[in-house]
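One structure, pasted below without further comment.
Laboratory data are not the source of any read-out in this text; all were calculated from the coordinates shown. Quick caveat: nothing in here was measured; it's all calculated off a predicted structure. Because the Cβ atoms are built from the backbone with ideal geometry, glycine has one as well, and the counts that use them run over all protein chains shown.
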Amino acid sequence: MHFCVVLWRALHASAIFPLQCDSRVRVRGEFLDLSGARLYYYAAGTRGAGVPAVFIHGFPTSSHLWNEIIPLIPPGHRLVVLDLLGYGRSDRPGTHRVDAQAHAERVIQVLDELRITRACIVGHGVGGGVAQLIATQFASRVTHLALISSVGLDHWPSVSSGVARALAPVTRFLPPALLTRVLRADVVRGYGDPERANRSIDLYLRPFDGPDGRNAAAAHIKGLPGIDTSALASRLRVIAAPTAIVCGQHDRAIPPSVGRRLHEQIPGSTLDVIPGARHFTPEESPQQVAEAIERLLGRAPAG
C-alpha cells in the first residue's frame, strides 16, 4: 500500500492538521459557523484546472466514510469533505432542522463560505438524496453529480430506515445505549467485512452517546423521510450535470434496482454496479468508486 495513503489515514483519524504528504494529499480541517451551528469540514487535494468536489455522507455516518477515496482522486481538484450537522465533529442539531432539505441548503452555504461557485457534488446514501436536491434546486452550482449507493425515487431513507422508523415515536425515551445497539446491529449489515464495520461504526455512533446524543439521533430519524420524493423524482429528468451512479451488487439497504431506476431517469448518466459489494462501497470498494468519480470528472461539466 502507498505509504502516503497509510500516513493520511493515521493522521486524519487522529485529527492532526495540517497534513502535507505529496501533491495528492493535503489536509486542512476547520469549522464553519452557519447561522449559529458549527459544521466541520476538511479540505484536501490541490487546486488546479479541475473542478472542486464536495463529498456528502449519509445516515448515520460522517466524513470518515470518504477516507479511502480522497487519496485516490487525481490531482488538480479542490476536495471538500463535510460532516453534516449532527454528525462527526459538527455540532449536535439542537433546534436546527436536519432533514434532507435543510442539509442541502447548508451545503450551499458551505460553498458560499468557501467561495466555491460550482462543484462536483458526491453523495452516499441519504447524502445522495441531498445531492439530488442540490442538483435539482441549485443546478447552476453543480458541474457534475455522483450518486454512490444513493437513496432515490421512492426508496428513502437508507441504512437503519426500517428499524429507525419503527422506533421514531419512542426514540427520545430509549436508553441511549439501547438506541446505539439497535443502530449498530442494523448498520453492520451494510458491510461485508465485520472488522472494518466495527471500527467505522464506533466512530459513526460516537456523537449519539448519552442523553444529548440520543436526542440528536431522534432528530435525525425524524428528519429522514422529510421530503416529497414524488416531486423530486419528477425533476430528475431535468438534471443537466454529467452524472455517475454507483451501487453495490449485494446492497440490502438500497438495492441496485434503485441505481438502475435513477440511471433511467437521469439523462446521460452512467451506471456502475460493483460485484460483491454491499452498502458502504466508499469504504469497502474505494478503488472502484474512485475510478467512477475520476471518469465522471473527465467529462465536460454542465453549463
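Tell me, what HN-Hα J-couplings in whole Hz come from the Karplus equation 6.51 cos²θ - 1.76 cosθ + 1.60 at θ = phi - 60° for each residue of region 31-41, using x for Gly and Pro?
For region 31-41, the Karplus-derived couplings read 9, 10, 8, 10, 6, x, 10, 8, 10, 8, 8 Hz, x marking Gly and Pro.
Could you check the simple spin-label distance between residue 30 and residue 238, using points 7 Å along Cα→Cβ, in nm with one decimal?
Placing both labels 7 Å along Cα→Cβ, they lie 3.6 nm apart.
Would you kindly derive the ³J(HN,Hα) couplings of region 260-274 from the backbone phi angles with the Karplus curve 6.51 cos²θ - 1.76 cosθ + 1.60 (θ = phi - 60°), listing them in order in whole Hz, with x for Gly and Pro?
Per-residue couplings from phi come out as 5, 5, 4, 4, 5, 7, 9, x, x, 6, 10, 10, 10, 9, 7 Hz.
In Å, what Kirkwood hydrodynamic radius results for the chain from the alpha-carbon pair distances?
This gives a value of 19.0 Å.
As a test of the definition: which semi-axes, in Å, follow for region 168-303 when you take the square root of five times each eigenvalue of its alpha carbon gyration tensor? Largest first, please. Kindly include the intermediate steps, with their values, before the conclusion.
Working: eigenvalues 200, 81, 33 Å².
Gyration-tensor ellipsoid for region 168-303: 32, 20, 13 Å.
Starting from the eigenvalues of the Cα gyration tensor, five times each then square-rooted, give me the equivalent ellipsoid semi-axes of region 252-303, largest first, whole Å.
So the equivalent ellipsoid measures 21, 16, 7 Å along its semi-axes.
Given charges of +1 on the Cβ of Lys and Arg and -1 on the Cβ of Asp and Glu, with all other atoms neutral, how large is the dipole of the chain about its Cα centre, in debye to the nearest 20?
Charge dipole of the chain: 200 debye, to the nearest 20.
Specify, per residue and in Å³, the volume enclosed by the convex hull of the alpha carbon atoms belonging to region 194-261.
148 Å³
Right, something else. Please quote Rg/Rh for region 86-152 to two decimal places, taking the Kirkwood radius as Rh and restricting both calculations to Cα atoms.
0.96
Calculate for the chain the 222 nm mean residue ellipticity that helices alone would give, adding -39,500 (n - 2.57) per DSSP H run of length 4 or more and normalising by residue count, nearest 500 deg cm²/dmol.
-11500 deg cm²/dmol
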